[in-house]
Amino acid sequence: MVCFAFLFCSIITVSAFNCPIYPIYGNPSPVRYNRRGHLLSSPLSSTLSSTPFKKRVNLSSSGWTVLNGVLDGNGGDDGINNNRDDGSGDGSGDGSGDGSGDGHQGGFGNEVKKWWDSPEGKDDVKTYTISLIFALALRFFIIEPRYIPSLSMYPSFQVGDQLAVEKVTKRIRPQRRGEVVVFNPPASFREMVFDGGSEGKKKAKEALIKRVVAIEGDEVRVKGGSLYINGEVQDEPFTAEKALYDFGPVKVPQGQLLVLGDNRNHSLDGHIWGFLPRSNVIGRAVYIYWPPWRFGNEG
């Protein structure tokens, strides 16, 4: 396979950069020049004079050299130098070119139109359109990228981590305890952070990321730094430290979740602004894809 590829590339290279070589037959005859040093005849002139069109000849391989011009198929002095240096040209060109070249008048616009109307252009547009639709469908309905802007989920996620958030699971089953979810902030959070300024308004619309600690029907309590669900203390090795606050007991309403940050004492989460409607959940954070040395960490 490698040999075939090398042979193919060699053929393409030779055909692209080398001029064709035509065979020369017969015995060499004397080379004659005129007074100005122009070539009058050579072993090539008789061979090429019988052809009605010009040929490009590789003369270096046959030992001949053409002086002051390019040899054509007519023979004689006129066929040797198209740009005569004796000033005898009649200059009869009428200069009647209409200057209608597409490259001068249309420029880039004509090139685009030509490409658009060509079969290749139609195929390209079709390919790009299908790819764009597929990418948008993937982005809005299946999976999307998100990044971590703060330390509220430290040490599970660090500032600058980029996550893949899948959106399929939420349509199949309800959220479970321990899952990390990305969600649109509830109304209680927006009211708390919105201060009337542009910065507060922007922050009130940004998606958040927290861990689900309780689901609908659970009784939740934080006491002595530990989390209790339905009266049972929870093992949470992913937290940065024990909570320095007390919360509850409260019961999670129907269709709601309680979410907390893993960095319990430095997180604006459900123990401050309340419960999260399940309908606000965008998706579930499944793994880190950037930076590379943290790839795959699910938190």
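The values are calculated or read from the model by the stated rules, or taken from the named source; none is laboratory data. Computed from a predicted model, the values in this text were never measured in an experiment. Note that we place each Cβ from the backbone using ideal geometry, even for glycine, and neighbour counts take in every protein chain shown. With ligands, DNA and RNA removed, areas are computed over all heavy atoms of the protein, side chains included. Shrake-Rupley method; radii C 1.70, N 1.55, O 1.52, S 1.80 Å.
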Looking only at the range 160-190, which residues are touching a Phe, Trp or Tyr at 6+ places or on another chain (Cβ under 9 Å), within 17 Å of Phe238 (Cβ to Cβ) and in a loop (DSSP other than H, G, I, E, B)? Asp161, Gly178
So the check is Cβ under 7 Å with 6+ separation or different chains; which pairs have a first residue in the range 227-244 that's touching a residue at least 12 places away in the same chain (Cβ under 8 Å) and a second one that's in a loop (DSSP other than H, G, I, E, B) and among the aromatic types (Phe, Trp, Tyr)? Ala240/Tyr154
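Every residue, every condition in (1) modelled with pLDDT of 95 or more; (2) on the phi > 0 side of the Ramachandran plot, yes or no:
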| position | (1), (2) |
| --- | --- |
| Gly200 | no, no |
| Lys205 | no, no |
| Ile215 | yes, no |
| Tyr228 | yes, no |
| Phe238 | no, no |
| Gly248 | no, yes |
| Gln256 | yes, no |
| Val281 | yes, no |
| Gly296 | no, yes |
If I filter the range 208-228 for residues that are within 45 Å of the chain's Cα centre (by Cα) and among the basic types (Lys, Arg), do I get at least one hit? yes
Within the range 147-158, does at least one residue satisfy the condition of being open to solvent by less than 80 Å² (accessible area, probe 1.4 Å), touching a Ser or Thr at 6+ places or on another chain (Cβ under 7 Å) and assigned to a loop (DSSP other than H, G, I, E, B)? yes
Subset of the range 240-254 [open to solvent by 30 Å² or more (accessible area, probe 1.4 Å) and assigned to a loop (DSSP other than H, G, I, E, B)]: Ala240, Glu241, Lys242, Leu244, Tyr245, Asp246, Pro253, Gln254
For the structure I just gave you, tell me whether Leu260 is over 44 Å from the mean Cα position of the chain (by Cα), closer than 24 Å to Val286 by Cβ, crowded, with 18+ Cβ neighbours inside 10 Å and of a type outside the set (Asp, Glu). no
Can you tell me which residues in the range 213-227 are assigned to a loop (DSSP other than H, G, I, E, B), charged (D, E, K, R) and open to solvent by 40 Å² or more (accessible area, probe 1.4 Å)? Glu216
